[in-house]
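A quick write-up on the structure given underneath.
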Amino acid sequence: MEAPSIPPNNSNERLMGNNEPKTLSTVTRSQWFTIAILCYVNLINYMDRYTVAGIMTDIKDQFNITDDKAGLLQTVFVITYMLFAPLFGYLGDRYNRKYLMAFGVFLWGLTTLAGSFMNRYSSFLALRALVGIGEASYSTIAPTIISDLFVKDLRAKMLALFYFAIPVGSGLGYIVGSETARFAGSWHWALRVTPIMGAAAVFLIIFVVKEPERGESEGKSHLAATSWMEDICKLIKNPSFMLSTMGFMCVSFVTGALAWWGPDFIYRGVKLQPGREDMKLNEVSFSFGWIAMLAGILGVPLGSILSQKLRLKVPQADPLICGIGVLISTPLFVGAMFTARYHLILCYILIFFGQLAININWAITADILLYVVIPTRRSTAEAFQILVSHAFGDAGSPYFIGALADFVASKLRPGNSLSNAENEVSYYSLQYSLFTTSFVEVLGGVFFLVTATYIIKDKLNAERETDPSMGLPVITVIKYLWATTKDAICTCDPSHLSRIPEVPRHTVRDLLQIKEK
């Protein structure tokens, strides 16, 4: 069979761009500044989000609200967050992204600060909703800037650094919230820390961040945006994107519920342990925050490292790592729910390893989205994923768990008002409610595992759409199966062809003929 020829200027180098950094040593100072600022803003973003959870008992006492209304504080935030994400996704694919981010950070900082002065539940609830609008702009747009600065393993490293801020920021939210409230003697002061940090972030975004061209890292800065409806139709027909989004939705449901109710649940269990009746919620929140940070510090980079190492040998490694990590965390969280009443240290250990396992998927899920979606559609894809994952994930899970706990408590409540009996009802009602998260978590693991059956094809389709000349089978083999075919290519030994799944053998033989020439 005659060996096909490769058209000029159709190599890997051109596809990546001539100036695209391939190692950390080649990253420019401007790119490092941009990454540092994006990570900083993501950190305070999640600090702000979970500061309220760290001072929940104080807020409930001041406003005299039940569990369902306490959960509603997070739910209204996520509802506005997900509703405005598509708008900012649309704008982010078409207009200046750094000014959109600056506007969002300014808005959530202003509304968070205003909320710290509220003394009525309804006013505080309304301002928490407005915070979600501001955060939607940043969370939708920031990952797409990273994708336009870097590709492949270097992009995976930078995404790991970016998503590293999620568990660390969440943990700092618990710590800063509880400790600031304790030090100042009022929970209101806990909400005044992140707005100050946000003001600095607005300045840095406007004057330091340098926005890249869309698709610049892939050498495709000339790509034109398509209509919003076409973008949505393409995304819906992308199995890897949709299935990974469903998996991420389940993870969001679980992490949203556990992050919001975790410290309160442990606190209720601790009050039933002899000798620990006087422990305060801020002590539990402080410990929970450190556990969340440590699990994030180890879990996020661990996921990125596993991805970069394993996908050299297993092209479907990314969704497999996510699915296995989610499934491993399920029994660990269930064990923590059982032990909270009896052994605090064991409960903390199980929570740590459960969070470590589930944190593995943050950067990988983001990377999957970026390499199965073309550059001019990525902000819309981010917005779509935010909308779906939060609409059916953590938008409702805090309220659902709180409302279910109130319902269960009404069925368990004893006929007397003995303090210990009331504490048991409070503990078990929340425990039974949190058990529902384990079923959702298993479902999320299944979604990720099914994604593995489509990931190679969808990644190839995205790169072909970015550069139609990628349609030649020789280029396909070079770009996507180098890791699994390098022995055959380098040694010109066709006996290695058995290692190559689902690739016509004549295609690889053609490649070997080109190599010999």
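The values are calculated or read from the model by the stated rules, or taken from the named source; none is laboratory data. Please read all numbers here as calculations on a predicted model, not as lab measurements. We place every Cβ from the backbone using ideal geometry, glycine too, and count neighbours over all the protein chains shown.
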| field | Top-ranked residue of region 22-52 - restricted to ones that are within 25 Å of the chain's Cα centre (by Cα) and not in a helix (DSSP H, G or I), ranked as modelled with the lowest pLDDT | value | 22
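Would you be able to say whether some residue in region 354-371 is more than 26 Å from residue 308 (Cα to Cα) and either in contact with a Lys or Arg (Cβ under 8 Å, 6 or more places away or on another chain) or modelled with pLDDT of 85 or more (or both)? Walk me through how you get there before you give the answer.
If we filter region 354-371 for residues that are more than 26 Å from residue 308 (Cα to Cα), which is where we start, we get none.
Checked against the condition, which is being more than 26 Å from residue 308 (Cα to Cα) and either in contact with a Lys or Arg (Cβ under 8 Å, 6 or more places away or on another chain) or modelled with pLDDT of 85 or more (or both), region 354-371 yields no hits at all.
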| Is one or more of the residues making up region 394-401 surrounded by fewer than 24 Cβ atoms within 10 Å (Cβ to Cβ), outside any helix (DSSP H, G or I) and touching a residue at least 40 places away in the same chain (Cβ under 8 Å)? | yes
| query | Would you call residue 313 outside any helix (DSSP H, G or I) and either out of contact with any strand residue (DSSP E or B) (no Cβ under 6 Å at 6 or more places or on another chain) or crowded, with 21+ Cβ neighbours inside 10 Å (or both)? | reply | yes
| query | Across region 322-345, what is the total count of residues that are under 24 Å from the mean Cα position of the chain (by Cα) and buried (at least 23 other Cβ atoms within 10 Å of the Cβ)? | reply | 7
| Among the candidates 247, 256, which residue alone is at pLDDT below 90, surrounded by 15 or more Cβ atoms within 10 Å (Cβ to Cβ), within 30 Å of residue 332 (Cα to Cα) and in contact with a Gly (Cβ under 7 Å, 6 or more places away or on another chain)? | 256
| Residue ranges of helices (runs of 4 or more DSSP H) in region 122-220 with at least 2 members basic (Lys, Arg) | 152-163
| Where a residue in region 425-437 is buried (at least 18 other Cβ atoms within 10 Å of the Cβ) and its partner, wherever it lies, is part of a helix (DSSP H, G or I) and acidic (Asp, Glu), with Cβ under 8 Å and at least six apart | 429/406; 430/67; 430/264
| query | For residue 151, which of the numbered conditions (1) crowded, with 24+ Cβ neighbours inside 10 Å; (2) within 21 Å of residue 310 (Cα to Cα) fails to hold? | reply | (1)
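Residues in region 366-393 that are farther than 20 Å from residue 300 by Cα, small (Gly, Ala, Ser) and surrounded by 24 or more Cβ atoms within 10 Å (Cβ to Cβ): how many? So that I can check it myself, show each step before the final result.
Kept after step one, since they are farther than 20 Å from residue 300 by Cα, are these residues of region 366-393: 372-381, 383-384, 387-388, 390-393.
Filter once more, so that each one left must be small (Gly, Ala, Ser): 379, 381, 383, 391, 393.
Checking which are surrounded by 24 or more Cβ atoms within 10 Å (Cβ to Cβ) leaves us with 379, 381, 383, 393.
Final tally of qualifying residues: 4.
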| field | Flag for residue 374 being modelled with pLDDT of 90 or more and aliphatic (A, V, I, L, M) | value | no
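Kindly evaluate residue 318 against the criterion of being among the charged types (D, E, K, R) and either free of Cβ contacts under 8 Å to residues at least 12 places away in the same chain or in a helix (DSSP H, G or I) (or both).
yes
Look at region 353-365 and say how many of its residues are more than 14 Å from residue 331 (Cβ to Cβ) and in a helix (DSSP H, G or I). Let's see the steps before the verdict.
Initially, region 353-365 is screened for residues more than 14 Å from residue 331 (Cβ to Cβ), giving 359-365.
If we keep only those that are in a helix (DSSP H, G or I) as well, we get 359, 361-365.
Total meeting the criteria: 6.
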| said: Among (1) at pLDDT 90 or above; (2) crowded, with 24+ Cβ neighbours inside 10 Å, there is one condition residue 288 misses while meeting the rest; what is its number? | reply: (1)
| note | All-but-one check, residue 80 against (1) of a type in the set (Val, Ile, Thr); (2) modelled with pLDDT under 80; (3) within 28 Å of residue 204 (Cβ to Cβ), failing number (2)
| request: Please work out which residue is modelled with the lowest pLDDT, limiting yourself to region 259-285 and to residues that are touching an Asp or Glu at 6+ places or on another chain (Cβ under 9 Å) and hydrophobic (A, V, I, L, M, F, W, C). | output: 281
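Considering only residues that are of a type in the set (Phe, Trp, Tyr), touching a residue at least 60 places away in the same chain (Cβ under 8 Å) and out of contact with any Ser or Thr (no Cβ under 7 Å at 6 or more places or on another chain), which ones fall in region 339-383? If you could, list the steps in order and put the result at the bottom.
Let us first name the residues in region 339-383 that are of a type in the set (Phe, Trp, Tyr), namely 342, 348, 352-353, 362, 371.
Add one more test, that the residue is touching a residue at least 60 places away in the same chain (Cβ under 8 Å), and what stays is 342, 348, 352, 362, 371.
Passing the criteria: 342, 352, 362, 371.
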